[in-house]
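All of the numbers you see were taken from the coordinates with simple rules; none came from a lab. These numbers come from a predicted model, not from an experiment. With ideal geometry, Cβ positions are generated from the backbone for all residues, glycine too; neighbour counts draw on all protein chains shown.
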Amino acid sequence: MHFGFTIAGNQSTFRIEPVPNSQLPDTVIADSRYWVKTVYPKSSPNFGLGLVVDARLQHYIRLRFTPNITFSDRKIVYTLETLDRDSSKIYEKTLESVLLIFPIEVKLQSKRTGNFSAYVIGGGGYSLDLTARKKAGSASSGGANQLDDNLKLQRDDFFYSAGYGVDFYLQYFKFGLELKLLVGTKNLLVPSNNVFSNSIDKVRSRMVLFTLTFEG
């Protein structure tokens, strides 16, 4: 068994399932009735720091636990249009999160050639949004003032992960480059009485990570 640390950059976004033909005739914006025309996620770059606990199961098979803290800004863009289509408005909602991520994964490594080896990795884990409880406690206004509201997300999520990488064996430590996809399995949406929540059926997380690993 050995230990190390990670520095990671990531692109965080959502997988969104909108409510089909989400018309909201009770919503009034500037004395006009609007409906939600499109809803789509917009990714943004973020970063995180973590630890590595690596245990060898067999010569080319390793079990890895890599807890990390990730700072994430995820965006959702809404296009609202009047019922007679003579006017439209675009709203971009940013959901800021501080995520504690706990992945447990199996690493299948190739035979070492000189100071180089490649690998594939996969598994799953649990994530905790430290800011979700505070956001979930905020009130939703409804009516015209709901344009100031935001989505509310659940605190807990479970995900599966898959990726690949390479390791370089240096004199004093092992340096690695890894590209990995994390796909959330839970619907994170907390229903609220506003146009931005009512137009969405399900929200799931998705994250692409590029990680630098430093291991003893």
Quiz item: Taking neighbour counts of Cβ atoms within 10 Å as a proxy for exposure, in what order, fewest first, do D73, D84, D156, D167 appear?
Solution: D84, D156, D73, D167
Quiz item: Too long at a 22 Å Cα-Cα cut-off: which of K42/K152; K42/K186; K37/K180; K107/K174?
Solution: K37/K180
Practice problem: Taking every Cα atom in segment 2-215, find the radius of gyration and the maximum pairwise distance Dmax, and write them in Å. | Solution: 21.2, 71
Quiz item: Which longest run of the chain has no exposed loop site in it, a site being trypsin sites (Lys or Arg not before Pro) in a DSSP loop with at most 12 other beta carbons within 10 Å, and the site itself not part of the run?
Solution: 113-216
Practice problem: Would you compute, from DSSP H runs of 4+ residues alone, the mean residue ellipticity of the chain at 222 nm, taking -39500 (n - 2.57) per run and dividing by the full residue count, rounded to the nearest 500? | Solution: -500 deg cm²/dmol
Quiz item: Taking the chain as a Gaussian network, Cα atoms linked when under 10 Å apart, which of Q11, Q58, Q171 shows the biggest mean-square fluctuation?
Solution: Q171
Practice problem: Find which of L63, F158, P45 sits farthest along the positive direction of the dipole of the chain, computed with +1 on the beta-carbon of Lys and Arg, -1 on that of Asp and Glu, about the Cα centre. | Solution: L63
